[in-house]
Amino acid sequence: MPPLTRRHFLRGIAGPLFVHRLGRLARALPDLLYPFEEIPPSRSGITWRHTAGKSPEKYLPETTGAGCAFLDYDNDGWIDIYLVNSGKCDFYVPNPPLRNALYHNNRDGTFADVTEKAGVGAGGYGQGVAVGDYDGDGFPDLYVTQYGRSILYHNNGDGTFTDVTEKAGVAAPGWCSSAVWFDYDNDGRLDLFVCHFVDFDKAKSKDCHAGEDAKRGYCIPHLYKPMPSWLFHNNGDGTFTDVSKPSGIGNYPGKAWGVVATDINNDGRVDLFVANDTVANFLFANRGNGRFEEIGTQAGVAYSAEGRPRSGMGLDSADFNQDGWMDLFVANIDHEMYSLYQNNHDETFDDEALATGIGQATRLMSGWGLKFFDYDNDGNLDLLLANGNPDDLIEELTRKQVGYHEPLLLFHNNGQSWENVSSRSGPVFRKSLSARGLAIGDFDNDGGVDVLISVNDDPPVLLRNKTGGHNHWLGIQLVGKKANADAVGARVIYQAGDLKRSRMKVGGGSYLSYHDPRMVLGIGQRPKLDWLEIQWPQPSGRLERFTDLPIDRYITIVEGEGKWK
Amino acid sequence: MCEPSTFRAAVALIGAVVVTCSAQVARKPQTPDISSSARHSLELAKKGHCAEALPALRRSFSRLGDKDLQRETGLGGVRCAMTLGQPDAAADFLQILGREFPNDPEVLYVLVHAYSDLSTRAAQELAHVAPDSEQAHLLDAEALETQGKWDPAAAEYQKVLQKNPRAAGVHFRLGRLLLSKPNPGPDMAEQAKKEFQEELKIDPNNAGAEYVLGELAHQDQQLDDAVQHFSRAASLDPSFGDAFLGLGAALISLKKFSEAIAPLEAASKLEPANPAAHYNLGLAYSRVGRKPDADKEFAIHRQLTQNNKGQDQGDPSQNPN
């Protein structure tokens, strides 16, 4: 009898256990009852689309982009949109030229393209975007990652930006993917971590063939050499110092796609979780004095349960089970399942994906953008996943067992367990997409956190959350003074009647994308929010408590002012 | 009835290797010593006089001191034996060739085709003498399964069970087939589970069936069941490394880290090159505070993982995303 090994078994069993079912009931629901509604370009005014520049040579960057962001670049209290496109590089010369897009929120559900005026069109082969007020002037700045050379756009505060990359020293040559702003040394200034994918250029691109007729396909990244990511220290004068090596991060070559800045051990120092493709994920524990220790393997987040490196892509961090400790999530490629890592409070994690049903639901999926957020404002953090296989031959290779375009997945957290509610969340969840980036933000200020999804070689998808008014909420914008301006690492604890919740403001998360800086605190049907505490990050460390808070609106809390406005 | 096409698969190349024997009658060899006899027989074989050459080739083959001549004699002997339809003689040559010339590409090439041809002939013989036998259906089912013809293969396995409802191993194969099918239906895992359970009713000592039931239970998060199945599999076959690994992994899922150590130590001893065994053992050690032991296992895991990534930056053919 032929032997049946564990590894063969695990691959063979993938099919029967994964079924994405759409209930009859869901199809019968009127659109009004769905939490999410897709806003078409004819309504939003967003006519821009992503162009991958797909070629017969199948250069790998063609299938990996691109990202998107919700940001309020003009501080008018309405969230704007930034979208990243492909552009000129050594393997692609678009004609006419392509550019990124900045859309200004017109406050009526429509957006206006202000890219030219703002001067943020970029033009290189774009990948992602990270938003942060690195100079503390009150206006969010943009870091656009590219294949080739990345760009730092300083926000001038008048609707325009200036490319300050060279002066700042953050070009990070090579193939950059996600990036995150966070204050690793607790000096009150936002530093910059930039994911470096593999050692790639046109000359190093490999020919890969697959299938019975040996069609040319996109190569698995294990064929390319891993590269160390960058950490740039903010000098406070508009320049940065590359501290990759002295921090320890430069000692770890990886194939980084996603990064989230979070505090996994509650020591007040922000750590980094990095998703790598075909090599082990990294968990860089911030040990202070500018040093990071890579503890992914011991922590149990580097490999699959079988000890195999997976194709980590998108990720996030949140305290989903409200035990006071930040948990992790990472999306992988088909046949690998995604992982929901529950924090054991001792720098180790257990993967609860199978126990929660998320593992089975994602067994054949390939995940990129994703985010924990409370879409129904019941006080529990839910999870939205954007999917799509990077290999356009995958359906042929797997006899359509795995799809190239894949649907979004929405998991509702009821505080005890997770439920896949995709089938009753809107018609858009029945669409198959080649989704990549995913950003969350409330573009219509109704308290329902909306979603922006960037789609490879297609227009973006804008989802309006219609549940904002169904439950009560409070939106808060935190402004650090002694702490970093974006308050990355701040912990917010709030109570409304019997509901007590704790949230941390993480840096980044998702894939190539950035999010509305405001936090929306859901309280369900409870009529008031009793109190709110903010533990500001170091070097402040200040604890501020607020009562007599409004609900169902946004407020701004500036560190140390003792009041909200 | 077996499908004749199933048995017609892989003979073609051996024909090209084998020298056709003519009906001519050769002269009687005159050379007195073994080497001369062997050379003369080889000449006869090359001219197609296999019937005359083969007895002399057999006589001289194992006694030759000249390795080159022995190799040539063996290869000639295989060709003649296959041409004359004498499988026993061919097997004798093949056995010695394989032993004496284990790294010789030409010898290995001939071995592949000769064994393949012998296999095909035996299958044809089975189809001829007992076309509706349990064994013929079983062979047919296995061939169809190998070709990815899942439904016809399952039908053949069912025919075996119709003839012999207590045939050992058939329910196991059916279960395995169900798990291998692409685009399976939603209840396929459940159906497969039933097949493995049926197998155990017939053959309670089938460690493989216990093992797969353990994996299915683990996938379903029925962790206590998984532990029981893996434990039985490991007890039935103490050399079954994957069963010990499955047991350890299930115990880790149950957060019984101390209990997981013993089976994982067994797994890593039985399968020292399996990275998963070392990784899980490292995790178990780590969670019970045995950091130096954990670090050692993680280091082995890392080394094995790097070794297994041999394709890194290697040949990109057949390596799509």
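What follows is calculated from the coordinates using simple rules that are stated; it is not laboratory data. Quick caveat: nothing in here was measured; it's all calculated off a predicted structure. Please note: Cβ atoms are built from the backbone with ideal geometry, for glycine as well, and neighbour counts cover all protein chains shown.
Are there any strands (runs of 3 or more DSSP E) wholly within the stretch A:210-265 with 2 or more residues that are touching a residue at least 24 places away in the same chain (Cβ under 8 Å) and surrounded by fewer than 19 Cβ atoms within 10 Å (Cβ to Cβ), and if so which? Break it down into steps so the answer makes sense when it comes.
On the way: elements: A:215-217, A:230-234, A:240-242, A:256-262.
Answer list for the stretch A:210-265: A:215-217, A:240-242.
Could you check how many residues of the stretch A:216-231 are in contact with a Pro (Cβ under 8 Å, 6 or more places away or on another chain) and more than 8 Å from chain B (Cβ to nearest Cβ)? Reasoning before the result, please.
Quick first cut of the stretch A:216-231, residues in contact with a Pro (Cβ under 8 Å, 6 or more places away or on another chain) only: A:216-220, A:223, A:225-228.
Of the ones still in play, those that are also more than 8 Å from chain B (Cβ to nearest Cβ) are A:216, A:226-228.
Number satisfying all stated conditions: 4.
Go through the stretch B:221-268 and count every residue that is of a type in the set (Lys, Arg) and over 26 Å from the mean Cα position of the chain (by Cα).
Within the stretch B:221-268, the first condition is being of a type in the set (Lys, Arg), and the residues that meet it are B:232, B:255-256.
Checking the rest, the ones that are also over 26 Å from the mean Cα position of the chain (by Cα) come to B:255-256.
Residues meeting the conditions: 2.
For residues that are within 17 Å of the chain's Cα centre (by Cα) and of a type in the set (Ser, Thr, Tyr), scanning just the stretch A:473-529, find the one that is surrounded by the most Cβ atoms within 10 Å (Cβ to Cβ).
Once the filter is applied, the top-ranked residue is A:TYR511.
Read through the list (1) part of a loop (DSSP other than H, G, I, E, B); (2) surrounded by 19 or more Cβ atoms within 10 Å (Cβ to Cβ); (3) touching a helix residue (DSSP H, G or I) at 6+ places or on another chain (Cβ under 7 Å), then give the number of the only condition that A:ASP135 fails.
Here A:ASP135 meets the rest and fails (3).
So which residues in the stretch A:516-532 are out of contact with any Gly (no Cβ under 7 Å at 6 or more places or on another chain) and more than 14 Å from A:LEU549 (Cβ to Cβ)?
A:PRO517, A:GLN525
Does A:GLN322 satisfy being of a type in the set (S, T, N, Q), surrounded by fewer than 24 Cβ atoms within 10 Å (Cβ to Cβ) and over 24 Å from B:GLU215 (Cβ atoms)? First the steps, then the outcome.
Details: of a type in the set (S, T, N, Q): yes; surrounded by fewer than 24 Cβ atoms within 10 Å (Cβ to Cβ): yes; over 24 Å from B:GLU215 (Cβ atoms): yes.
Judged against the criteria, A:GLN322 is a match.
Considering only residues that are in contact (Cβ under 8 Å) with a residue 40 or more places away in the chain, surrounded by 14 or more Cβ atoms within 10 Å (Cβ to Cβ) and either in a loop (DSSP other than H, G, I, E, B) or not aliphatic (A, V, I, L, M) (or both), which ones fall in the stretch A:540-563?
Our first condition is that a residue be in contact (Cβ under 8 Å) with a residue 40 or more places away in the chain; within the stretch A:540-563, this holds for A:540-542, A:549-560.
After this cut, where a residue has to be surrounded by 14 or more Cβ atoms within 10 Å (Cβ to Cβ) as well, the list is A:540, A:542, A:549, A:551-552, A:554-560.
Scanning the stretch A:540-563 gives A:SER540, A:ARG542, A:LEU549, A:ILE551, A:ASP552, A:TYR554, A:THR556, A:GLU559, A:GLY560.
Pairs only if they're at least six apart or on different chains, beta carbon under 7 angstrom, first in the stretch B:244-268 and buried (at least 24 other Cβ atoms within 10 Å of the Cβ), second not in a helix (DSSP H, G or I) and not polar (S, T, N, Q); list them, first residue then second.
Cβ pairs passing all conditions: B:ALA249/A:ALA305.
What pairs come up if the first residue lies in the stretch A:355-377 and is within 14 Å of chain B (Cβ to nearest Cβ), the second is outside any loop (DSSP other than H, G, I, E, B) and among the acidic types (Asp, Glu), and their beta carbons are under 7 Å apart, counting only those six or more places apart or on different chains?
Every condition considered, the pairs that remain are A:SER366/A:GLU406.
So for the stretch A:301-319 (the condition being surrounded by fewer than 24 Cβ atoms within 10 Å (Cβ to Cβ) and aromatic (Phe, Trp, Tyr)), does at least one residue qualify?
no
Quickly run through the stretch A:108-132 and pick out the residues that are assigned to a strand (DSSP E or B), closer than 26 Å to A:ARG43 by Cα and among the small types (Gly, Ala, Ser).
A:ALA112, A:GLY128
If we only count helices (runs of 4 or more DSSP H) wholly inside the stretch B:144-249, which ones have 1 or more residues that are within 10 Å of chain A (Cβ to nearest Cβ) and in contact with a Ser or Thr (Cβ under 6 Å, 6 or more places away or on another chain)?
Output list reads B:223-236.
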